[in-house]
Amino acid sequence: MTATLRTCLILAACFLLAACAGLKPEIDPPLVSLESFRALPGVEGTPRFEIKLRVANPNFQALDIVGISYSIALLDRKLINGVTNNVPRIEGYDEEVITLEAGLQLIELLRLLASLGASTSEPLSYEFSAKIDFKGLVPTQRIRESGEITLQ
């Protein structure tokens, strides 16, 4: 193989790799809202919760979700977390309700209760965060929703 041919092949391979790198699809993150949150009967005394999320796909391209990891924090303490790989395909411009099951972190709950004291009228900050992994070339999406609740 001549040096000129070898150089041409290397240049062609570089151009091909550069072109493939630009093929990553541009997608908007899914829109996630809390549908419901309820306590489940405890297994071995461990509190469990069912969380239903409405996930809307604001894209033309269908979303094939491999898995979701998620957590709910109150006053910066992660109290509830879980993972799932049981997620339906969400077609373009469509939505699905995804049911998640999560466990309560008892140590963090005790720390939170100890830090609150006897009573508080201050609003409590919360945060729902999730990492959503997709099949194919779609990049991982991270979602954070936060706000405040007031205990009355």
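This table checks each residue for (1) in a loop (DSSP other than H, G, I, E, B); (2) at pLDDT 85 or above; (3) among the hydrophobic types (A, V, I, L, M, F, W, C); (4) under 12 Å from the mean Cα position of the chain (by Cα).
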position: Pro88; (1), (2), (3), (4): yes, yes, no, no
position: Val97; (1), (2), (3), (4): no, yes, yes, no
position: Arg111; (1), (2), (3), (4): no, no, no, no
position: Ser125; (1), (2), (3), (4): no, yes, no, no
position: Phe128; (1), (2), (3), (4): no, yes, yes, yes
position: Glu148; (1), (2), (3), (4): no, no, no, no
Filter result for Glu50 (at pLDDT below 80 and of a type in the set (Asp, Glu)) = no
Check whether at least one residue in segment 105-114 is within 16 Å of Glu35 (Cβ to Cβ) and not acidic (Asp, Glu), and report yes or no.
-> no
Tell me, which residue of segment 38-53 that is closer than 28 Å to Tyr93 by Cα and surrounded by 15 or more Cβ atoms within 10 Å (Cβ to Cβ) is farthest from the chain's Cα centre (by Cα)?
-> Ile51
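Only one residue in Thr140, Thr84 is surrounded by 15 or more Cβ atoms within 10 Å (Cβ to Cβ), in contact with a strand residue (DSSP E or B) (Cβ under 9 Å, 6 or more places away or on another chain), closer than 19 Å to Pro30 by Cα and free of Cβ contacts under 8 Å to residues at least 24 places away in the same chain. Which one?
On inspection, the qualifying residue turns out to be Thr84.
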Test Leu9 against the stated conditions and say whether it is over 24 Å from Asp133 (Cβ atoms), more than 22 Å from the chain's Cα centre (by Cα) and at pLDDT below 85.
-> yes
Restricting segment 26-47 to residues that are outside any loop (DSSP other than H, G, I, E, B), hydrophobic (A, V, I, L, M, F, W, C) and farther than 16 Å from Thr99 by Cβ, which is modelled with the highest pLDDT?
-> Leu31
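The values are calculated or read from the model by the stated rules, or taken from the named source; none is laboratory data. Just so it is clear, the model here is predicted, and its values are computed rather than measured. Here the Cβ is made from the backbone with ideal geometry for all residues, glycine too, and neighbour counts use every protein chain on show.
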